[in-house]
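**Student:** Dropping a structure here in structure tokens format, bear with me for questions.
The values are calculated or read from the model by the stated rules, or taken from the named source; none is laboratory data. The structure displayed is predicted, hence computed values, not measured ones. Here the Cβ is made from the backbone with ideal geometry for all residues, glycine too, and neighbour counts use every protein chain on show. Accessible surface is based on the protein model in full, side chains and every heavy atom, while ligands, DNA and RNA are left aside. Shrake-Rupley method; radii C 1.70, N 1.55, O 1.52, S 1.80 Å.
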Amino acid sequence: MTNLGKIVCVLRLMVLLLLAAYLSSPMYASIAGRKRVAVVLSGGGAKGAAHIGALKVIEEAGIPVDIVVGTSMGSIVGGLYAIGYTSAQLESMMKQQDWNFLLTDKVSQSGQSLIRRESSDKYSFSIPLLKKRPKVSGLIRGENINTLFSELTVGYHDIQDFNRLPRQFACVATNMETGEEYVFHSGKLPIAMRASMAIPGVFTPVVVDSIVLADGGLCNNYPADIARQLGADIVIGVSVHEELRKSERLTTMYEILSQVVDMACRNKLEENIKLTDLFVHVDADPYSTASFNKVAIDSLIIKGEVEMRKHWDGLLNLKKQIGQIDTSRTVAPYTAFDDARNVYINHIRFLTTDADKSKRLLKRCRLNEHAHNSLNQIKDAVYILRDEFMYSDVTYQLIPQVYGFDLEFRVSNKKDVKLNLGVRYDTEDNASLLLGGSLSFNTSIPSSLALTARLGERFLGQVSYTLTPTLLKHISLSYTFMDNDVNVHFKGERACNLAFQQHQLELKYSNVWWRNFQYDLGVKFDGFTRPDILRTNEVELFEDLSSCKFVNYYLRLKYNSMDNAYFPTQGVDFWGDYTVYTDNFYQRKGHTPFSAISGNLKSAIPLSRKTILQPFVRGRFLIGRDVSPYYQNYFGGVGFSTYFDQQMPMDGIYNLEYAEKAMYHVGTKLQQRITGQHYLTLSGTVFNMSHTIENILKRRPYYGVGFGYGFQSMIGPIQALVGYSNYSDYVRWYINVGYYF
């Protein structure tokens, strides 16, 4: 054979190989004469849940889907459908999500150390400010959404070309500099979905190759033209867009702003509907883009299914046009990775950090190279990087290798400054506002400065400086000023009004063992000044009231595995405290100082998915004589330490009551979730007190009962309670809005 003949043979072989590769690719689906089918899903926020119901009917009709194109929520549903999620899997996933948590940048309760948890349980809003400011920002950085998308797409983190997914995929974002559409055909799938749904001003836009990208609905909310460009022969489309409002409905600022958004999202809509073979419009009324609650999600999925079923005959006609369907080429369902599933990890890399920092991060995150790690461990590592190391935009990739995976973390700037805001109203204190801020320093030993102020009827100001020699050990020095004005009751009747100022200087050493256990050692200087008492009755307790100072030493142990501070579904909360009170570093009025032992143990035991039993026992016992009124036992209210550090809550008693030297409470709460984040509670407590520990069990105990409604809102718990106790013999009611502080 001549050299020319050899060259021709080689060229023929190359052409055959290229043709074989083309015919086997997802882009070439017209095998056996079948037409290629695309599904197009519009944007619409929570309304996009209707897409899942529509996909359910398409599957039931036996129509193969080769191409999926979406915008915003349509890109999320579509992207997951493209990698093999079935409509049943998508429905289950959509219903299981805690959207109140996902649509924030908060770290989950279980993902925080106790030190961080105590702070986050007080604030309604937290705004991190980066030393190196990003080019673009929004109210929500989308950190929890990022983590969810990474978790849901495990197994496809390494695929850059969306044509290689089980179903060909594309999604639309908007170039915020030019206003033009940006179509994702490649890249990282979680980033593409995240960019397509980044509502301007709400979610921080995504930067890809220096291009600022936001919600694709602004330029192409129903991208049927993209499906045609990808070679679709038949297009089935679902849209949840709002019809434009008439003048009589444009009466409020919300309606006008919504109309502006809807008008923007109608760009290219009519033209793209004409490109669709079967177009289905789902009327989502009365639900909106923000209706991310369980009832709304359930209803929207049903709406999508019902509306698509109205077009059942149209689906069957399209099925005839498609041609012979080869069931052997059906996309396999996505194999979901359970949180407890172990994956073998070869190497772990922390991108954008130096080698020494990477070693420290790896050690703290408790992940092991050349070993099996669970997905829960990986998610915990994400929370550790965000919560304890204060990194933002933490994402991860599991990259398949010959055996197992390589794990890569990418972290962005540290949050050097953090601003916090807490708001609260209750029937005892009326309105209160809590302001907080923290500043991190890049000193040789990491340190931070925190400022806190409570505004309202009882003012509090605090400044605290903390050293962190190792990640889980903290040494803090703080000064706190409080201006107190409280009503003290005895058996439901006001005994006196007590006003005083308190200056508190505290040096504390804290050590966190893993995440849920912590111990504190500390010394506290307490100065009480300007005492003022308005006597009514039962005032013997306050005859010793005067300006005074104390130096107190304490040891405190804490364990908390509760998944929620206010409406827990599982876990244990325990703390125990021993404190010695002196007025000259080692004595009290020239004799042995008095001391106090106190503790609390509470558990959340699930009786069913919605019913939680919460038994508890708590108490405080004073030892010694000459106990100052400032450290006397007090109880009442719905939370610990409302007016005094040692105050304990009590069912049926919502004002402050003083107690004798020994006190215990035993009781339980039954919590029933009605729907979503709405709860009913029924609680009861048996309690008693005595001047001595020996006599406390000899007295006839008292009881208190309470019934309440609660709602976990984005600004904190909202509660309405009514209760009765035979101690005060009064029926009381109590309303609270916001976190306790």
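**Student:** Look at HIS665 and say whether it is at negative phi, out of contact with any Asp or Glu (no Cβ under 8 Å at 6 or more places or on another chain) and crowded, with 23+ Cβ neighbours inside 10 Å.
**Tutor:** yes
**Student:** Which residues, counting only those in the range 236-270, are outside any helix (DSSP H, G or I), modelled with pLDDT of 85 or more and open to solvent by 30 Å² or more (accessible area, probe 1.4 Å)?
**Tutor:** Within the range 236-270, no residue meets the criteria.
**Student:** For the condition charged (D, E, K, R), within 25 Å of PHE459 (Cα to Cα) and open to solvent by 40 Å² or more (accessible area, probe 1.4 Å), what is the one hit in LYS549, LYS589, LYS610?
**Tutor:** LYS549
**Student:** On to the next question. Against the condition in contact (Cβ under 8 Å) with a residue 40 or more places away in the chain and either surrounded by fewer than 17 Cβ atoms within 10 Å (Cβ to Cβ) or within 22 Å of LYS602 (Cα to Cα) (or both), how does TYR679 come out, does it pass?
**Tutor:** Working: in contact (Cβ under 8 Å) with a residue 40 or more places away in the chain: yes; either surrounded by fewer than 17 Cβ atoms within 10 Å (Cβ to Cβ) or within 22 Å of LYS602 (Cα to Cα) (or both): yes.
Answer is yes for this residue.
**Student:** Here's something else I'd like to know. Among the residues of the range 690-697, are any over 24 Å from the mean Cα position of the chain (by Cα), at pLDDT below 90 and open to solvent by less than 60 Å² (accessible area, probe 1.4 Å)?
**Tutor:** The answer is yes; a qualifying residue exists.
**Student:** Could you tell me which of the residues ASN376, ASN293, ASN368 is polar (S, T, N, Q) and within 30 Å of VAL240 (Cβ to Cβ)?
**Tutor:** Sole residue among the options that is polar (S, T, N, Q) and within 30 Å of VAL240 (Cβ to Cβ): ASN293.
**Student:** Taking only the range 363-394 into account, find how many residues are part of a strand (DSSP E or B) and farther than 17 Å from GLY142 by Cα. Step through it out loud before you land on a result.
**Tutor:** Taking the range 363-394 as the starting set, the residues that turn out to be part of a strand (DSSP E or B) are 371-374, 391.
Then keep just the ones that are farther than 17 Å from GLY142 by Cα; that gives 371-374.
Qualifying residue count, the range 363-394: 4.
**Student:** Being crowded, with 23+ Cβ neighbours inside 10 Å and under 29 Å from the mean Cα position of the chain (by Cα): is that true of GLY637 here?
**Tutor:** yes
**Student:** How many residues does the range 195-235 hold that are assigned to a helix (DSSP H, G or I) and open to solvent by less than 10 Å² (accessible area, probe 1.4 Å)?
**Tutor:** Step one: of the range 195-235, the residues assigned to a helix (DSSP H, G or I) are 195-196, 216-218, 224-229.
Those left that are additionally open to solvent by less than 10 Å² (accessible area, probe 1.4 Å): 195-196, 216-217, 224, 226-227.
So the count comes out to 7.
**Student:** If we scan the range 477-485, do we find a residue that is without any contact (Cβ under 8 Å) to a residue 24 or more places away in the chain, open to solvent by 30 Å² or more (accessible area, probe 1.4 Å) and over 26 Å from the mean Cα position of the chain (by Cα)?
**Tutor:** Checking the range 477-485: at least one residue is without any contact (Cβ under 8 Å) to a residue 24 or more places away in the chain, open to solvent by 30 Å² or more (accessible area, probe 1.4 Å) and over 26 Å from the mean Cα position of the chain (by Cα).
**Student:** Given the options THR642, THR582, THR681, name the one that is within 27 Å of PHE459 (Cα to Cα) and in contact with a Leu (Cβ under 9 Å, 6 or more places away or on another chain).
**Tutor:** Working: THR582 fails: in contact with a Leu (Cβ under 9 Å, 6 or more places away or on another chain); THR681 fails: within 27 Å of PHE459 (Cα to Cα).
Testing whether each residue is within 27 Å of PHE459 (Cα to Cα) and in contact with a Leu (Cβ under 9 Å, 6 or more places away or on another chain) leaves just THR642.
**Student:** So, one more: When the residues of the range 361-376 are narrowed to those that are under 20 Å from GLU151 (Cα atoms) and in contact (Cβ under 8 Å) with a residue 24 or more places away in the chain, which ends up surrounded by the most Cβ atoms within 10 Å (Cβ to Cβ)?
**Tutor:** Top of the filtered list is ASN373.
**Student:** Could you list, in sequence order, the residues of the range 558-575 that are touching a residue at least 40 places away in the same chain (Cβ under 8 Å) and of a type in the set (A, V, I, L, M)?
**Tutor:** MET562, ALA565
**Student:** Of all residues in the range 321-348 being modelled with pLDDT under 90 and outside any loop (DSSP other than H, G, I, E, B), which is farthest from the chain's Cα centre (by Cα)?
**Tutor:** ILE322
The rows are residues; the columns are (1) closer than 23 Å to VAL154 by Cβ; (2) assigned to a helix (DSSP H, G or I); (3) out of contact with any Phe, Trp or Tyr (no Cβ under 8 Å at 6 or more places or on another chain).
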site	(1), (2), (3)
VAL40	no, no, no
LYS47	no, yes, no
ILE58	no, yes, yes
LEU80	yes, yes, no
MET94	yes, yes, yes
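**Student:** Being at pLDDT below 90, part of a loop (DSSP other than H, G, I, E, B) and either of a type in the set (Lys, Arg) or open to solvent by 50 Å² or more (accessible area, probe 1.4 Å) (or both), is that true of even one residue in the range 292-304?
**Tutor:** Yes - at least one qualifying residue is present in the range 292-304.
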